[in-house]
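What follows draws every value from the coordinates through simple rules; no lab data is involved. Not measured: the values here are computed from a predicted model. Virtual Cβ from ideal backbone geometry, glycine too; neighbours counted across all protein chains shown.
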Amino acid sequence: MLTTKPVYKRFRGYLCRRCLSREYRVHMTPKDCRYQRVNLCPCCCASNHVVVGFTLRGHIKMLFKR
Ligand SMILES: [Zn+2]
């Protein structure tokens, strides 16, 4: 995926980095993601580190995930 839209559709919200890594079996580091604090992660209800987009390195890691 190139955007976090599929994540949003599947989980009805943006996931935090930890849940994203678990659900898509990819190791996302803090620098791979862009964040927004106003959202809550639908899996763990964390409001920190909610991923709304990827940086270039994140894009490459998520490229073959769906
Ligand atoms: Zn979470």
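Looking only at segment 41-53, count how many residues are within 16 Å of residue 23 (Cβ to Cβ) and not in a strand (DSSP E or B). Break it down stepwise before answering.
So the first thing to find is which residues in segment 41-53 are within 16 Å of residue 23 (Cβ to Cβ), and the list is 41-46, 49-52.
Okay, now just the ones that are also not in a strand (DSSP E or B), so 41-46, 49.
Residues that pass the stated criteria total 7.
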| request: Confirm whether residue 20 is crowded, with 17+ Cβ neighbours inside 10 Å and either touching a helix residue (DSSP H, G or I) at 6+ places or on another chain (Cβ under 7 Å) or in a helix (DSSP H, G or I) (or both). | output: yes
| Residue check: is residue 26 in a loop (DSSP other than H, G, I, E, B), within 15 Å of the ligand (Cβ to nearest atom) and within 15 Å of residue 65 (Cα to Cα)? | yes
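So if I check each of 51, 7, which one is within 16 Å of the ligand (Cβ to nearest atom), in contact (Cβ under 8 Å) with a residue 40 or more places away in the chain, touching a strand residue (DSSP E or B) at 6+ places or on another chain (Cβ under 6 Å) and not acidic (Asp, Glu)? Explain how you work it out, then say what you get.
Values: 7 fails: touching a strand residue (DSSP E or B) at 6+ places or on another chain (Cβ under 6 Å).
Matching residue, one of 51, 7: 51.
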